[in-house]
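Everything below concerns the one structure shown next.
Where a number appears in this text, it was derived from the coordinates with a stated rule and is not lab data. Since the structure is predicted, the reported quantities are computational estimates derived from the model, not experimental observations. Ideal geometry is used to build each Cβ from the backbone, glycine not excepted, and the neighbour counts take in all protein chains shown.
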Amino acid sequence: MNDAPKPEGLRERKRRETSRRIADAGLKAFLANGYDATTLDEIAAAAGISRRTFFHYFKSKDEVLFASLGNHASVVKASILAEPPTGTAIDIARDALLNIIGSFQGAQMMATAKIMRESKTLRSRRHTGYLQLEQAIFEGLCELRPDQARDSLRLVALVTVVALRLAVETWQQQHARHPLEGYVRDAFERLKTEIR
């Protein structure tokens, strides 16, 4: 039996490319015009598609903006499940975050953060994203370490997200002077120091 993944077909590749083109066009429009002033028609035109086609890919312009961030929660959970169950739960969670941070594009994250700060609607969505990340970390740790106390794993998930938020805020305040990975490592080291 062959368990190798099937290569991506032409239809899937075109769909992924169109989705990426829409997200890129949306981000550029948001930066140029502001989130609230940007219309779906402007995004569709910039992406070279019709308004109707837009809705085959996204339900709203919120989704366009968040598409640039990707689905980090599920990726972090998968990364946790790929870790060996040895070591501390907090190290496993930290390592899972560090595994995906390398895929973040600094300029795009900074642009997205700027847009989110300027819109009240999007600020609440960002909070929801952190809650989803916390839940994904908790679920991943529970699956990886089924014998460990759930309260302990919940605590690890909470402090992991807090450390990440602090790292991202510091990184943004310093205008991405250094890679985000260093800020995340520093936040976890400070956390460990304070807990001891």
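For Glu83, enumerate residues with amide H under 5 Å from its amide H, sequence gap 5+ or separate chain, H modeled in the peptide plane.
Answer set, sorted by chain and number: none.
Can you bin every Cα-Cα distance in segment 10-66 into 10 Å intervals starting at zero and give me the percent of pairs per bin, rounded to whole numbers?
The calculated distribution, bin by bin, is 26, 59, 13, 2.
Which FRET efficiency, nearest 0.05, do Arg145 and Thr170 yield, Cβ-Cβ r, R0 25 Å?
Efficiency, from the Cβ-Cβ distance: 0.25.
Kindly flag which residue pairs out of Lys14/Lys77; Lys77/Lys114; Lys120/Lys192; Lys61/Lys120; Lys114/Lys192 have an alpha-carbon separation exceeding 24 Å in this structure.
Those over the limit are Lys14/Lys77; Lys77/Lys114; Lys120/Lys192; Lys114/Lys192.
Just flag the trypsin sites (Lys or Arg not before Pro) in segment 156-189 sitting in loop per DSSP whose Cβ has no more than 13 other Cβ atoms within 10 Å.
Hits after loop and neighbour filter: Arg177.
With +1 on each Lys and Arg Cβ and -1 on each Asp and Glu Cβ, how big is the dipole of the chain about its Cα centre, in debye rounded to the nearest 20?
600
Karplus couplings for segment 42-58 from phi (6.51 cos²θ - 1.76 cosθ + 1.60, θ = phi - 60°), rounded to Hz, Gly and Pro as x?
5, 5, 4, 4, 5, 8, x, 10, 7, 4, 4, 5, 3, 6, 6, 10, 9
Mind checking the full-extension length gain between Arg154 and Ser124? Use 0.36 nm per residue of separation minus the Cα-Cα distance, one decimal, nm.
Net length gain for the segment: 8.6 nm.
What does the helix-only formula give at 222 nm for the chain: each DSSP H stretch with n ≥ 4 adding -39500 (n - 2.57), the total divided by the residues, and the result rounded to the nearest 500 deg cm²/dmol?
Per the formula, -24500 deg cm²/dmol.
From the residues Ala37, Thr193, Cys142, which one has its Cα farthest along the dipole of the chain in the positive direction, the dipole being from +1 and -1 charges on Cβ of Lys/Arg and Asp/Glu about the Cα centre?
Farthest along the dipole direction, towards plus: Ala37.
I'd like the FRET efficiency for Lys114 and Asp41, computed as 1/(1 + (r/R0)^6) with the beta carbon distance as r and R0 of 22 Å, rounded to 0.05.
Plugging the Cβ-Cβ distance into 1/(1 + (r/R0)^6) gives 0.45.
If you average the sequence gap of Cα pairs under 8 Å that are 6 or more apart and divide by the length of segment 12-95, what percent do you get for the contact order?
Relative CO of segment 12-95 lands at 26 percent.
In segment 69-195, what is the volume of the convex hull around the alpha carbon atoms, normalised per residue and reported in Å³?
That works out to 103 Å³ per residue.
Give, as a single signed number, the net charge of other residues whose beta carbon lies under 15 Å from the beta carbon of Val76, with Lys and Arg counted +1 and Asp and Glu -1.
Around Val76, the surrounding residues sum to -4.
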